[in-house]
Amino acid sequence: MNTHSPSTDWAIEAHGLVKVFGDNRAVDGVDLSVRAGTVYGVLGPNGAGKTTTISMLATLLRPDGGSAQIFGHDMVKQAQIVRQLIGVTAQFASVDEKLSATENLIIFARLLGLGRAEARKKASDLLEEFNLTEAARRPLAKFSGGMRRRLDLAASLIAQPPLIFLDEPTTGLDPRTRTQMWDTVRRLVASGSTVLLTTQMLDEADQLADRIAVIDTGRVVAEGTADELKASVGTSSLQLRLEDTADTDDALRAIHAVLGAQGTVSPEAARITAPMADADRVTDLLITLREAGIHLTEMSVQKPTLDEVFLTITGHGVEDENSSEADADPRETERISA
Amino acid sequence: MSTVSINPGTMTPGGNRPATITPGAQRQLKNHTSIGQTVRNSFTMAYRGLLKIKRTPEQLVDVTVQPILFTLMFTYLFGGAIAGNVQNYLPMLIPGILVQTVITTSVVTGVQLREDMDKGVFDRFKSLPIARISPLAGALLADTIRYAIATTLTFVMGYIMGYRPGGGLWSVVLAALLVIACSWAISWIFAFFGVIARSASSVQGISMIILFPLTFLSNAFVPVNSLPDWLQGFVNINPISHLVTAVRDLANNGTVGMDVVISLVGAAVIVAIFAPLTVRAYMRKA
C-alpha cells in the first residue's frame, strides 16, 4: 500500500534519542524519519525500547538526549503544539475504568475543546464507527480486551490528529479482532493520518507498514521496507523430517541439486532446513526424493519469524520470556503431513 | 474556543471516512495554554471526579460516617468534663470538630490522586493538549463536594444535639464556605504527597503524622488556657486554631474577626507554595 502523496513532509524526524533508566539505556540513540501519510512500523521484542521511544515522541517522557520534530515542531520546546498533532493509544488502555465508554469519550472531547453537544455527538459517532454503541453504557470493567483497545483508539481520534501512535495495537487480541484493528489502521491512513505503530510480529509490520525499523536493546538495527527486510532474512525456509536418518546425506544432495541451496541438519530433531527462494521448486524436490526412495515423516514451509529476522540482523535470537511469546504467535506455517 | 482544529460532522459513521484529516503543517497551533482553557479543563476534570463519586458512592463513607460518629463521641465524652455539660460544649466543639473532620477528609484527596495517577488514563491526560495543572485542579475541585457533605452533616448533627448557632443561618453558611475553602487549600499539601509518594498507603501514613498533631494540638476541643504554657505557644500559632476561632466567631456571633483574614491568607499561601510544587512534581513524574 502506497498512499502517501509526493509531498516531502516529515511527520517525525528523530535524531539520536536517548532515555536512561538507572543504568539501563532503554533507548540508546534512535533515529527515525517518518514520512507524513504513511504507516511506520517499529518492530522489536519486549524491552527493546519501543514503548519508551513512543513515550518520548508523544511528550510523555522527556528524552535524556537527542531531539525530535513532529511536523517540524520540537517535541520538548513545543510540547503543547505537538500534543495538538498527535493521538496516543498506549499498550495498556488509557481510559477510565470506572466510567462508561460514552462518558470517557465525552470527557476527552470536552478536554479537547469541544462544546457539550459537539462532544456528545462526537462520542456517539466514534462509538458507532468502532462498533461499541451497544456497549456504550456498560461499565468498562465488563469490556473485553478488544473492545477496550477499540475504545482507546476511538479516544485517540477525537481531535482527528494527523499523527497517531499505536503501541502494540493487537497484542493480546484474537485473530478476528486483530484483522479488524488492521482495517482500522488502513482506514486511518486512507483518511490522511500518519501512523506509527509498534509490534512484536513481523507479519503485522509486513501487513501494515510502508517502512519498518527493527529495534533491539534501544537501537535501530535495521530499517527499510518490509520487502527489503525480508530479503535480508531470506524468504521462506523448507523443513523436512526423514523417516530414516540414514538417508540424510542423500536428501541433502537432492536439495542441493534441485533447490541449488545448502540444507542444514539440526542435530536434536534430525530435521533438515533449507532456504527456499522459489516455492515452485518444492514440487520438483518432492518428486526427486520419492524417486530416490527417501521417505518423509513431515514437511513444512515456514516464513521468516521475528526470531529469524533477529537472528539474522543482530546475530542473537529474541531473548528471555519473549521467545515463548514468539513461539505462541500464529506462525505462517503451512503443514502438510507426509 | 478550541486550540485544535476540529471539523465536526466530517466523520461519517460506518467507517468510510473521506480524507479529512487536516495536515499537520496547515494547522493553527499555540504552544501555551490560556487561563480560560485552564479553567475549562479543570472543570471538565472536576466533572470527571463527580462522575466517579457517582459511580462509587462507597467512597463517601468517610465524609458521612465520620462527622456523625465524631460529633456524637466527642460531645458526650468531653462535654461534661470541659464545659460542665453538653449544651455549653456544643458552641465550642461543633466548629472544632467541623474543622478537624473536613481537614482529615482532605487527606483522602491525596490518597485517591495517587491511586488515580497509577492508572493508564493519566497517560492519556498527559498526551492531551490541555493545561498541565487541570487533572490535579479538577480532582481537588471535585473533592470540595466531599467537604460540603462533611460540613453539612456536622452542622446537622450539632443541630440535632441542640446546637443553635447565634450568628444565624447566613453566618453558618459563610463559616461552612470558609472551612471548605481552607480545606481545599490544605488538600494541595496532601495532593503534593500524593504525587511524590510511591503508594497510596504511604500518602495516608505521611498525611496522618502531620495532621494529628496539627488538629489535636489546637483549640478545637479544649480551651487554650487549660494547656501548659509551652503548648499554648504552639496552639496559638497553629493555623488550625485560627481557622477554628474564625468559624466560632462567624457561627456563634456572626462576626468576621482577624482570624478569618488570617485563615484566608494562610490558605492562599498554602496554595501559592504547594500548587506549583505539586504541578512540578507531577510534570516530572510524567
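Inside region A:87-122, can you point out the residues that are under 23 Å from A:Leu163 (Cβ atoms) and under 28 Å from the mean Cα position of the chain (by Cα)? So that I can check it myself, show each step before the final result.
Applying the first criterion (under 23 Å from A:Leu163 (Cβ atoms)) to region A:87-122 yields A:87-95, A:104-105, A:107-114, A:118-119, A:122.
Those that are under 23 Å from A:Leu163 (Cβ atoms) and under 28 Å from the mean Cα position of the chain (by Cα): A:Gly87, A:Val88, A:Thr89, A:Ala90, A:Gln91, A:Phe92, A:Ala93, A:Ser94, A:Val95, A:Asn104, A:Leu105, A:Phe108.
Quick test for you: out of B:Ile206, B:Ile186, pick the one residue that is in contact with a helix residue (DSSP H, G or I) (Cβ under 8 Å, 6 or more places away or on another chain) and over 19 Å from B:Pro95 (Cα atoms).
Numbers: B:Ile186 fails: over 19 Å from B:Pro95 (Cα atoms).
When all the criteria are applied, what remains is B:Ile206.
Scan region A:120-134 for residues that are more than 8 Å from chain B (Cβ to nearest Cβ), in contact (Cβ under 8 Å) with a residue 12 or more places away in the chain and either touching a Leu at 6+ places or on another chain (Cβ under 8 Å) or among the polar types (S, T, N, Q) (or both) and report the count.
Of the residues in region A:120-134, the ones more than 8 Å from chain B (Cβ to nearest Cβ) are A:120, A:123-124, A:127, A:130-134.
Still in the list and also in contact (Cβ under 8 Å) with a residue 12 or more places away in the chain: A:120, A:123-124, A:127, A:130-132.
Now drop any that are not either touching a Leu at 6+ places or on another chain (Cβ under 8 Å) or among the polar types (S, T, N, Q) (or both), which leaves A:123-124, A:127, A:130-132.
Of the residues in region A:120-134, 6 are more than 8 Å from chain B (Cβ to nearest Cβ), in contact (Cβ under 8 Å) with a residue 12 or more places away in the chain and either touching a Leu at 6+ places or on another chain (Cβ under 8 Å) or among the polar types (S, T, N, Q) (or both).
One line per residue, one yes/no per condition, for (1) in contact (Cβ under 8 Å) with a residue 24 or more places away in the chain; (2) outside any helix (DSSP H, G or I):
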residue: B:His32; (1), (2): no, yes
residue: B:Leu51; (1), (2): no, no
residue: B:Thr64; (1), (2): yes, no
residue: B:Leu69; (1), (2): no, no
residue: B:Tyr76; (1), (2): no, no
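For region A:76-105, which positions are in a loop (DSSP other than H, G, I, E, B) and small (Gly, Ala, Ser)?
Taking region A:76-105 and keeping what is in a loop (DSSP other than H, G, I, E, B), we get A:76-78, A:90-99.
Scanning region A:76-105 gives A:Ala90, A:Ala93, A:Ser94.
Looking only at region A:87-105, which residues are surrounded by 24 or more Cβ atoms within 10 Å (Cβ to Cβ) and either farther than 24 Å from A:Leu173 by Cβ or more than 7 Å from every other protein chain (Cβ to nearest Cβ) (or both)?
A:Gly87, A:Thr89, A:Ala101, A:Asn104, A:Leu105
Evaluate region B:76-90: report whether one residue or more is within 27 Å of B:Ala139 (Cβ to Cβ), modelled with pLDDT of 85 or more and in contact with a helix residue (DSSP H, G or I) (Cβ under 8 Å, 6 or more places away or on another chain). Full working, then the answer.
Going through region B:76-90, the residues within 27 Å of B:Ala139 (Cβ to Cβ) turn out to be none.
No - not one qualifying residue is present in region B:76-90.
Return the residues of region A:207-240 that are modelled with pLDDT under 85 and within 13 Å of the chain's Cα centre (by Cα); say none if nothing qualifies.
Passing the criteria: only A:Ala226.
Determine, yes or no, whether A:Phe165 is at the interface with chain B (Cβ under 10 Å from one of its Cβ atoms) and among the hydrophobic types (A, V, I, L, M, F, W, C). Walk me through it before giving the result.
On the way: at the interface with chain B (Cβ under 10 Å from one of its Cβ atoms): yes; among the hydrophobic types (A, V, I, L, M, F, W, C): yes.
So A:Phe165 fits the description; yes.
Could you check, for region B:236-245, whether at least one of its residues is under 18 Å from B:Ala267 (Cβ atoms), touching an Asp or Glu at 6+ places or on another chain (Cβ under 8 Å) and small (Gly, Ala, Ser)? So that I can check it myself, show each step before the final result.
Let us first name the residues in region B:236-245 that are under 18 Å from B:Ala267 (Cβ atoms), namely B:237-245.
Applying the additional criterion that residues be touching an Asp or Glu at 6+ places or on another chain (Cβ under 8 Å) yields B:242-243, B:245.
With the extra rule that they be small (Gly, Ala, Ser), the set shrinks to none.
The answer is no; no qualifying residue exists.
Step by step: first the residues of region B:23-46, then only those that are modelled with pLDDT of 90 or more and facing chain A (nearest Cβ under 7 Å), then the one that is surrounded by the fewest Cβ atoms within 10 Å (Cβ to Cβ). Which residue is that?
Applying the filter and picking the extreme gives B:Thr44.
From the set of residues in region A:106-135 that are assigned to a loop (DSSP other than H, G, I, E, B) and surrounded by fewer than 18 Cβ atoms within 10 Å (Cβ to Cβ), which is modelled with the highest pLDDT?
Let us first name the residues in region A:106-135 that are assigned to a loop (DSSP other than H, G, I, E, B), namely A:112-115, A:130-132.
Narrowing further to those that are surrounded by fewer than 18 Cβ atoms within 10 Å (Cβ to Cβ): A:115, A:131.
Numbers: A:Gly115: 92, A:Asn131: 86.
Only one residue tops the list, namely A:Gly115.
So, in region A:151-174, of the ones that are of a type in the set (S, T, N, Q) and under 16 Å from the mean Cα position of the chain (by Cα), which residue ends up surrounded by the fewest Cβ atoms within 10 Å (Cβ to Cβ)? Show your work before the answer.
First, the residues of region A:151-174 that are of a type in the set (S, T, N, Q): A:156, A:160, A:170-171.
Keeping just the survivors that are under 16 Å from the mean Cα position of the chain (by Cα) gives A:170-171.
Numbers: A:Thr170: 23, A:Thr171: 17.
Ranking the qualifying residues of region A:151-174, first place goes to A:Thr171.
Based on what the data block shows, is B:Ala150 within 24 Å of B:Leu60 (Cβ to Cβ) and touching a Gly at 6+ places or on another chain (Cβ under 9 Å)? Give the derivation first.
Values: within 24 Å of B:Leu60 (Cβ to Cβ): yes; touching a Gly at 6+ places or on another chain (Cβ under 9 Å): no.
Criteria not met by B:Ala150.
Residue pairs, Cβ under 8 Å, 6 or more apart or interchain, first in region A:255-269 and under 18 Å from A:Ser236 (Cβ atoms), second modelled with pLDDT of 75 or more and part of a loop (DSSP other than H, G, I, E, B). List them.
Here the result reads A:Ile255/A:Ala261; A:Ile255/A:Gln262; A:Ile255/A:Gly263; A:His256/A:Gln262; A:His256/A:Gly263, each pair linking region A:255-269 to a residue that is modelled with pLDDT of 75 or more and part of a loop (DSSP other than H, G, I, E, B).
Considering region A:64-86 alone, what residues qualify as being free of Cβ contacts under 8 Å to residues at least 60 places away in the same chain, in contact with a His (Cβ under 9 Å, 6 or more places away or on another chain) and within 7 Å of chain B (Cβ to nearest Cβ)?
A:Gln80, A:Ile81, listed by residue number.
The values are calculated or read from the model by the stated rules, or taken from the named source; none is laboratory data. Source: prediction; values computed, not measured. Neighbour counts run over all protein chains shown; Cβ positions are idealised from the backbone, glycine included.
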